[in-house]
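First the structure, in the form of structure tokens, and then the observations on it.
Here, each number is a calculation from the coordinates, and none is a lab measurement. Remember, predicted model here, so these are calculated numbers, not experimental data. Positions of Cβ are backbone-derived with ideal geometry, glycine not excepted, and every protein chain shown enters the neighbour counts.
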Amino acid sequence: MSPVLAGVLQLLALVVALGLAHRPLGDYMAGVYSSDKHLRVEKWIYKGIGADPGAAMRWPAYLRGVLAFSAASMLFLYLLQRLQGSLPGSLGFRSIDPDQAFNTAASFVANTNWQSYSGEQAMGHVVQTAGLAVQNFVSAAVGIAVAVALVRGFARSRTGDLGNFWADLVRGVVRILLPLSVVGALVLVACGVIQNFSGIHGVGQFLGGEQQWNGGAVASQEVIKELGTNGGGYFNANSAHPFENPNPLSNLFEIFLILVIPFALTRTFGTMVGSVRQGYAILATMGAIWLGFTALMMWTEFHHGGPAFDLAGGAMEGKETRFGIGGSSLFATSTTLTSTGAVNSFHSSYTGFGGGITMLGMQLGEIAPGGVGSGLYGMLIMAIIAVFIAGLMVGRTPEYLGKKIGTREIKLAACYILVTPALVLGFTGASMALDTPKDSLLNGGAHGFSEILYAFTSGANNNGSAFAGLAADTQWFNTTIGLAMLLGRFLPMVFVLALAGSLAGQQPVPKTAGTLRTEKPLFTGLLVGTITIITGLTYFPALALGPLAEGLAS
Amino acid sequence: MTVPTEQEEPGSMTTATPTRAPHQDVPTGHGPDDGRVGQGLFDPAQLLRSVPDAVRKLDPRVMVKSPVMFVVLIGSVLTTLLAVKDPGDWFGWAIAAWLWLTTLFANLAEAVAEGRGKAQADTLRKAKTDTVARRLAADGGAEERVPGTELRVGDLVVCEAGDVIPGDGDVVEGVASVDESAITGESAPVIRESGGDRSAVTGGTKVLSDRVVIKITTKPGETFIDRMINLVEGAARQKTPNEIALNILLASLTVVFLLAVVTLQPFAVYAGAEQSMIVLCALLVCLIPTTIGALLSAIGIAGMDRLVQRNVLAMSGRAVEAAGDVSTLLLDKTGTITLGNRRAAEFVPVRGTTEAEVADAAQLSSLADETPEGRSIVVLAKEKYGLRERHQGELTGAEWIAFTAQTRMSGVDVDGRKVRKGATGSVLAWVQERGGTATAEARELTDTIAQAGGTPLLVAVEDADGARVLGVIHLKDVVKEGMRERFDELRRMGIKTVMITGDNPLTAKAIADEAGVDDFLAEATPEDKMALIKREQAGGKLVAMTGDGTNDAPALAQADVGVAMNTGTSAAKEAGNMVDLDSNPTKLIEIVEIGKQLLITRGALTTFSIANDVAKYFAIIPAMFAVVYPGLDKLNIMDLSSPKSAILSAVIFNALIIVALVPLALKGVRYRPMSADRMLRRNLGLYGLGGLVAPFVGIKLIDLLISLIPGIG
């Protein structure tokens, strides 16, 4: 079987699997966030944290919940790393430096999982399992909670009530992420992913010398790494490491885990707003972009351009032979179009265009299908922008799902879309203007620029993948990327929740023949166009000097 | 004005008589391709005339109101300073010049839009000459002459033939004919009388006959004419909610592009291709949405102006925008859906008589009836039965009995034969007085007609055979031509039409069916109307209505778009957010269309403006960086002749497109009623795809021209 055909078949298998899971999972999640009942274990948790899960929250209260919980999580994670040297079960690793501990804490609380450390050489069992793995669950649940709050904003009318943050958070973990993770971890273990608390082993290498490999609860962390679109690998090599991702089957399953919740949330959205077709329109938009990017990526990586490429059957540098170009391209676009950031190959080694596709994927704002929760709310914000710009052309003031997009709504949506470009371009600009940051570059020229552009793109969009090459464990990068991750995660949430509050308070406008039909293919096309043009215009100059200059050079 | 009581609808709410011919007719017979909201006028010479105003608007304090254009202004100043620093560089001067032109063109668009209102304001000012008021002392006795500006609310003033009414008020005593041409442009005088719905007078209009006492209701300086002047001049113009929201989005896009350009310099330095400030300014101005930024306020002013051209004054821009969103139209039956008066539709004989006999008697007896209904009987007899219209003088010895509201009958006594026609009750009484008997058949006929929504009139005669009923005239409401098609269009646009009438439900239903409205409200009282509006609004709908009576005022205030007729009371005019100077209720439909056209124009130009940027990148980025990364020259798909020419072409295109689109901004995009889906598809194709493609062609053409200039390129 040719590698191209293999790649296409993997893509098809993935689409079928996602299609099968879409409806049941989406409806199940809608049920979870609409139900009045509390499980016994949930009641214990509420009692433990002293929360009243029945209390209706207006948007400021909901936001306070999000921020307070995340701040506490961050402090806990920071202290855990700082105290690692004195904790048992740390495999003898020392405490993490303040700047790196800050960066890592910010990274995992912001659902980014940018790693300026090497997992196997810095983090022991306690930090990995009690700190990082826990954040993988709760930071993902926070994302879904905020998305659900926005969906409620659309679904409800003349109320300030967006639901209860604590109930949404706990339910996301207990009823969605944990059960799916248990099943997923078992599948991964069956595929050959390790799961133990073993120590460090010295392993002899073929060509002499010794390599140190440690064991760990890898499968359980791997599953939530993908499922919660986190991306922080147990090992530095991430999903390219055979302990994390041993074979093509596990590879395909991991991609499935990355995509399943973000895509299914569109169904949840459709069900909750009372029109599954609206959900399908959003799904179609996400799917079209994801398919387009994947096809482009496969094309550019399979494209033969020189004797080395001819021999390898494409651009194989930095890719694992066990996944090939198909499995690697699929993983690369899926991980960058969601806010996952796990990698099974090295994006820095992709062709110039291929590297550009991974960057552009993140720059879209992680919305196709995006991170768990964040993808949905990001896409809904873009839908609001698209409705606002083009919706006027039907001769009515803009409205989406029966809610008017007025001054307040557009102000919040505009702030939302300002945040990440400001962070990405601002910090990249500052890094290029200063002298020291450039010392971290491995390459010169356009590729060197891409290393820094990629780092801030990844951080501010909460992706977490790295372009490789950049030595990111410096005070400058630990601090700036840490800030980019925090601001890139929580500022948008402020705007989303304020928007949700404003939408929930509105009286819905009834649908007539004069209403813009947002469930039609025409709107999906319009939305794809708006997203590409707005993102393209924002980042075109930067991309031209990085991946485009590199890709067009040949 | 006496309205024949027999033909009056109980509780009729429309008493407006359209006073102005050119605007009152329902435009029909438009071809399938005509936009019905005709596009406004645009005279290219206006551009030149408005240049001085455009220059005056360069004041930064004015410019800052449009964040996009303010950035262009800063760019213009900056590039000029840089050009002065390096005066030998033609490129710097060229960019600076075109950036100034970009700024100027934006101001020009606004100045042209405002200029059109100025002419109208000047005419109005002429009417607002300083008048001398004849004020009555509080005890009602002595009369003193005071300047019109010293009048206070509640003052009583006297106006006689030849006097200009000194301020807005209500007639409290007397009847007069008033020339309101200063405001409405209509020269035919209108009647103003105390009490009722025709008591309102407007300052600046002129009393032509008789004497009235007027109670002043508005302070000087806030009168209708003052507000009109402010309105058409644009002085009172405030940004509408959607315009503010769009401005916010445009500002945020400007910030994004500002970031993209500012951070580009360190990237460029690293790449070894440091850019001059001039090039960066050029790039920034090309990227920020200048096209829509420049035209946004002109679009708003022009939208209001299109209303003014139709003699509608919108008291707030918000109302114009709301008009586009309206989903329920409340239309008064009389004057809007049906012609103001009923018309004779057929003659129905009783047994033993022929139709022709009835027609003859009906015509003869209606010759002395000057009401529109009476005239319509004569006309029907002529058209359908070939009965020549006889004149009162032709018949010698005839005694004519004119129609009066008291007798509710008209007729003639000639050659010993007495013919009468009139309201059922009156004619029956007349027949019985003369010893005749009303047959059951006549009653049946009248009942049938009444049930079908018509009004029956009886025709009776007294001759040698005694007094008897000959037959019945069927008077019908005549639905205006083309109304059904219009309601169909409105339905396709998602707008529900509700007919409001004082008729009984049966009659109302018949007319509603004939006209094709979606719903009707029969035997409507002002309270019913109010309840209907509130009910629709509770469902999230926006409601538009017209009204003229004082009892309409609460509903006018409650409606999202309340159009008061100029003939109406001052209370109604105060409550509505629009005034129709022609007092033509049908115009409500046009107002909705103008509102939609305004929003579509705004959306179309925004989409166009943003789509334009793609091509500009393809022109400028290779020009900036192909030196260090030769591969980027592959992006120069337009094959522009040189980097400087490429950048300059993009800047020139960016400036010229503003001027090119001024007519579109002022006239509004072509609007045809259709479903939202089709409208979006059409406009996206036109302005979205068009916006993507147009600059590629335009920039290439400009580059070709520039490359012809020797020493450049």
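Quick notes
- Annotation: amide H of B:Thr437 has no partner in the under-5 Å range at sequence separation 5 or more or interchain, hydrogens built in the peptide plane.
- Region B:341-419 versus region A:160-186: alpha-carbon centroid distance in Å: 86 Å
- Assigned charges on the beta-carbon of Lys, Arg, Asp, Glu; the protein assembly as shown dipole about Cα centre (debye): 2180 debye
- Within-10-Å neighbourhood charge of B:Arg678 [Cβ basis; K, R +1; D, E -1]: +3
- Fewest-first sequence of A:Phe235, A:Phe108 by Cβ atoms within 10 Å of each Cβ: A:Phe235, A:Phe108
- Dipole in debye (nearest 20) - region A:256-395, about Cα centre, beta carbon charges: Lys, Arg +1; Asp, Glu -1: 400 debye
- Between the Cα long axis of helix B:277-287 and the first principal axis of chain B there is an angle of about 30°, rounded to the nearest 10.
- Degrees, to the nearest 10: B:643-667 long Cα axis against longest axis of chain B: 10 degrees
- Assigned charges on the beta-carbon of Lys, Arg, Asp, Glu; region A:373-553 dipole about Cα centre (debye): 960 debye
- Think of region A:373-553 as a dipole: +1 on every Lys or Arg Cβ, -1 on every Asp or Glu Cβ, centred on the Cα centre; then among A:Leu401, A:Gly429, A:Gly373, A:Leu401 lies furthest on the positive end.
- Long-range HN-HN contacts of B:Asp332 with modeled amide H, under 5 Å: B:Ile500, B:Thr546
- The spacing between region B:284-310 and region B:521-570, judged by their C-alpha centroids, is 32 Å.
- At R0 = 35 Å, FRET efficiency that the Cβ-Cβ distance of B:Ala356 and B:Gln432 yields, to 0.05: 0.85
- Model label points for B:Leu258 and B:Gln406, set 7 angstrom from Cα along the Cα-to-Cβ axis, are 8.0 nm apart.
- Net +/- balance of residues flanking A:Tyr416 in space, Cβ distance below 15 Å, scoring K and R +1, D and E -1: +1
- Positive-end residue of B:Gln597, A:Phe235, B:Leu364, charge dipole of the protein assembly as shown with Cβ unit charges: A:Phe235
- Whichever lysines have a C-alpha closer than 16 Å to that of A:Lys511, once near sequence neighbours (fewer than 8 apart) are set aside: A:Lys403, A:Lys404, A:Lys520, B:Lys496, B:Lys541
- Cα gyration tensor, region A:373-553 - rounded (a/c under 1.5), prolate or oblate: prolate
- Prolate/oblate/rounded label for region A:9-84 (Cα gyration tensor, a/c 1.5): oblate
- Förster-model FRET efficiency, 30 Å R0, A:Ala308 and A:Asn443, C-beta, rounded to 0.05: 0.95
- Computed label-point distance, nm, for sites A:Thr479 and A:Ala288 using a 7 Å Cα→Cβ extension: 4.5 nm
- Per the Debye calculation on the protein assembly as shown with a single equal scatterer at every Cα and no solvent contribution, log₁₀ I(q)/I(0) for q = 0.07 Å⁻¹ amounts to -0.81.
- In summary, the lysines within cross-link reach of B:Lys215, defined as a Cα separation below 30 angstrom excluding same-chain residues under 8 places away, comprise B:Lys126, B:Lys128, B:Lys206, B:Lys529, B:Lys573.
- Rounded FRET efficiency, nearest 0.05, which uses the C-beta distance separating B:Arg678 from B:His391 and R0 of 56 Å: 0.50
- For chain B, the longest principal axis of the Cα atoms and the long axis of helix B:372-385 meet at an angle of about 80 degrees.
- Relative to the current alpha-carbon distance between B:Glu143 and B:Leu81, full extension at 0.36 nm per residue lengthens the span by 15.5 nm.
- Chain B - share of DSSP beta bridges that are antiparallel (%, nearest 5): 75 percent
- For the protein assembly as shown, the residue among B:His391, A:Ala390, B:Asn683 whose Cα projects farthest onto the positive side of the dipole built from Cβ charges is A:Ala390.
- For region B:571-643 versus region A:312-327, the spacing of their alpha-carbon centroids is 46 Å.
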